[in-house]
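What follows is a set of notes on a single structure, which appears directly below.
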Amino acid sequence: MKNVVVIAGPSGSGLSSVEFVFEELGYLVIKNPTVHSINAVVDDLLNEKSELNNFCLMLNAGSGNEIFKILKKRNDANYRFIVLNCSEYELNKRYALSRHVHPRSARFKLSLTDAIKLDVKDTLDIVNEADLYVDTSSLSVKQLRAIVYKFLAGIEDDKLLSVTFISFGIKNGIPQGIDTFLDTRMIPNPYWNEKLKELNGADQPVIDYMMSFEVTKEVLENFKGYLSTSLEEVAKDGRSSYTVGIACSGGQHRSTFVANYLADYFSKKYRTQVIHRDSPSLNKE
């Protein structure tokens with residue numbers, strides 16, 4: 001069954017920050033559907049021909065009450081409801097800093113103070129309908145994102161963090177966009193073995209050769225220990241992706257083997273993928 005997460009709250013309470021969480025996790029985000037169109041919108045999203053399984057409906061505070069009631073009567077998907085809220089004082093401060101125009105001020109010719117009061121009043125009407133209620137008044141963006149990630153883990157699975165391992169050769173430069181990289185050049189190089197020179201790090205004779213050295217086992221244990229700690233902290237911060245570069249001299253033997261090894265090891269806890277930049281024939285379709 002498909003997942004539909006419905007989120008509502010006052011303008012300025014953190015809806016935009018949360019939107020990025022859903023987009024990073026592959027949700028299709030629909031913003032501000034009207035009360036009269038909501039059933040048609042959801043029917044279209046849940047069309048059996050669609051390959052998408054996860055959707056997020058982001059509502060303004062004014063329509064939240066009626067749309068919540070409509071969707072709670074449906075049983076054709078896994079519906080979850082999130083309500084964000086924030087103190088009037090903090091919302092006024094955020095608008096003063098951003099200098100944005102409040103949507104209700106523009107539409108209904110209200111003062112900023114009155115628009116915020118109306119938003120908060122409408123939000124309080126749906127607090128009891130929420131599966132997750134978050135007061136963002138004293139939260140940082142990072143803290144808010146982490147709370148939503150944790151909630152979504154209960155809907156899908158615990159593997160919300162995606163870790164990409166990129167193998168590469170130092171001689172060809174360091175890839176852009178990596179968060180950290182590990183150097184494997186202390187492992188004996190199969191390139192200097194004539195029988196292994198033309199093979200790569202996915203070939204068993206190369207793997208057997210490297211694993212015959214104690215230093216290789218020590219390096220792998222050190223890498224696993226370092227990444228275990230690092231990735232746990234990354235996950236706590238609410239990040240959805242992290243990229244680890246795995247370096248050797250040419251990107252053929254050592255780095256490809258270690259990237260595959262670490263991706264397999266950490267796949268038990270995280271979503272992992274491998275990209276062999278300098279050995280593209282090893283990349284899976």
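The values are calculated or read from the model by the stated rules, or taken from the named source; none is laboratory data. In this text the structure is predicted, and so the values were computed from the model without any measurement. Don't worry about glycine lacking a Cβ; one is built from the backbone with ideal geometry, like all the others, and counts go over all protein chains shown.
Answer yes if at least one residue in segment 228-248 is crowded, with 21+ Cβ neighbours inside 10 Å and in contact with a Gly (Cβ under 7 Å, 6 or more places away or on another chain), and no otherwise.
Yes, because at least one residue in segment 228-248 is crowded, with 21+ Cβ neighbours inside 10 Å and in contact with a Gly (Cβ under 7 Å, 6 or more places away or on another chain).
Read through the list (1) more than 25 Å from PHE151 (Cβ to Cβ); (2) of a type outside the set (Val, Ile, Thr); (3) in contact with a Lys or Arg (Cβ under 9 Å, 6 or more places away or on another chain), then give the number of the only condition that LEU57 fails.
(1)
Across segment 204-247, what is the total count of residues that are over 16 Å from LEU262 (Cα atoms) and of a type in the set (Asp, Glu)?
Matching residues across segment 204-247 total 4.
Would segment 188-198 turn up any residue that is touching a Gly at 6+ places or on another chain (Cβ under 8 Å) and closer than 22 Å to LYS269 by Cα?
For segment 188-198, residues touching a Gly at 6+ places or on another chain (Cβ under 8 Å) and closer than 22 Å to LYS269 by Cα: absent.
Do you know which residues across segment 255-269 are in a helix (DSSP H, G or I) and among the basic types (Lys, Arg)?
None - no residue of segment 255-269 is in a helix (DSSP H, G or I) and among the basic types (Lys, Arg), so the list stays empty.
Among the residues of segment 14-61, count how many are part of a loop (DSSP other than H, G, I, E, B), in contact (Cβ under 8 Å) with a residue 60 or more places away in the chain and over 21 Å from ALA130 (Cβ atoms).
Residues in segment 14-61 being part of a loop (DSSP other than H, G, I, E, B), in contact (Cβ under 8 Å) with a residue 60 or more places away in the chain and over 21 Å from ALA130 (Cβ atoms): 0 in total.
Quick one: which residue in SER167, SER212 is without any contact (Cβ under 8 Å) to a residue 40 or more places away in the chain, of a type in the set (Gly, Ala, Ser) and not assigned by TED's automatic domain parsing to the domain that holds LYS72?
Just one listed residue meets the conditions, SER212.
For every residue, the table says whether it meets (1) of a type outside the set (S, T, N, Q); (2) loosely packed, with under 14 Cβ neighbours inside 10 Å; (3) out of contact with any strand residue (DSSP E or B) (no Cβ under 9 Å at 6 or more places or on another chain); (4) not assigned by TED's automatic domain parsing to the domain that holds GLU88.
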| residue | (1), (2), (3), (4) |
| --- | --- |
| LEU112 | yes, no, yes, no |
| ALA130 | yes, no, no, no |
| SER138 | no, yes, yes, no |
| LYS142 | yes, yes, yes, no |
| ARG145 | yes, no, yes, no |
| THR180 | no, yes, no, yes |
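Considering only residues that are aliphatic (A, V, I, L, M) and touching a helix residue (DSSP H, G or I) at 6+ places or on another chain (Cβ under 6 Å), look in segment 245-281 and name the one that is farthest from ILE174 (Cα to Cα).
Step by step, filter segment 245-281, then rank; the result is VAL274.
Would you call LEU262 under 23 Å from the mean Cα position of the chain (by Cα) and at pLDDT 90 or above?
For LEU262, the condition - under 23 Å from the mean Cα position of the chain (by Cα) and at pLDDT 90 or above - is met.
Go through segment 93-109 and count every residue that is buried (at least 16 other Cβ atoms within 10 Å of the Cβ) and either more than 11 Å from SER13 (Cβ to Cβ) or among the acidic types (Asp, Glu) (or both).
Matching residues across segment 93-109 total 5.
In segment 158-178, which residue that is touching a helix residue (DSSP H, G or I) at 6+ places or on another chain (Cβ under 8 Å) and of a type outside the set (Phe, Trp, Tyr) is surrounded by the most Cβ atoms within 10 Å (Cβ to Cβ)?
Here the residue is SER167.
Can you pull out every residue in segment 233-285 that is of a type in the set (D, E, K, R) and touching a Phe, Trp or Tyr at 6+ places or on another chain (Cβ under 7 Å)?
ARG277, ASP278, listed by residue number.
Name the single residue, out of those in segment 41-84 being among the small types (Gly, Ala, Ser) and under 26 Å from PHE108 (Cβ atoms), that is surrounded by the most Cβ atoms within 10 Å (Cβ to Cβ).
Only one residue fits best here, namely ALA61.
Has segment 113-126 got at least one residue that is in a loop (DSSP other than H, G, I, E, B) and in contact (Cβ under 8 Å) with a residue 60 or more places away in the chain?
So far as segment 113-126 goes, yes, one or more of its residues are in a loop (DSSP other than H, G, I, E, B) and in contact (Cβ under 8 Å) with a residue 60 or more places away in the chain.
Of the residues ILE116, ILE82, which single one is in the same structural domain as LEU57 (by TED's automatic domain parsing), closer than 14 Å to ILE7 by Cβ and not acidic (Asp, Glu)?
The conditions single out ILE82.
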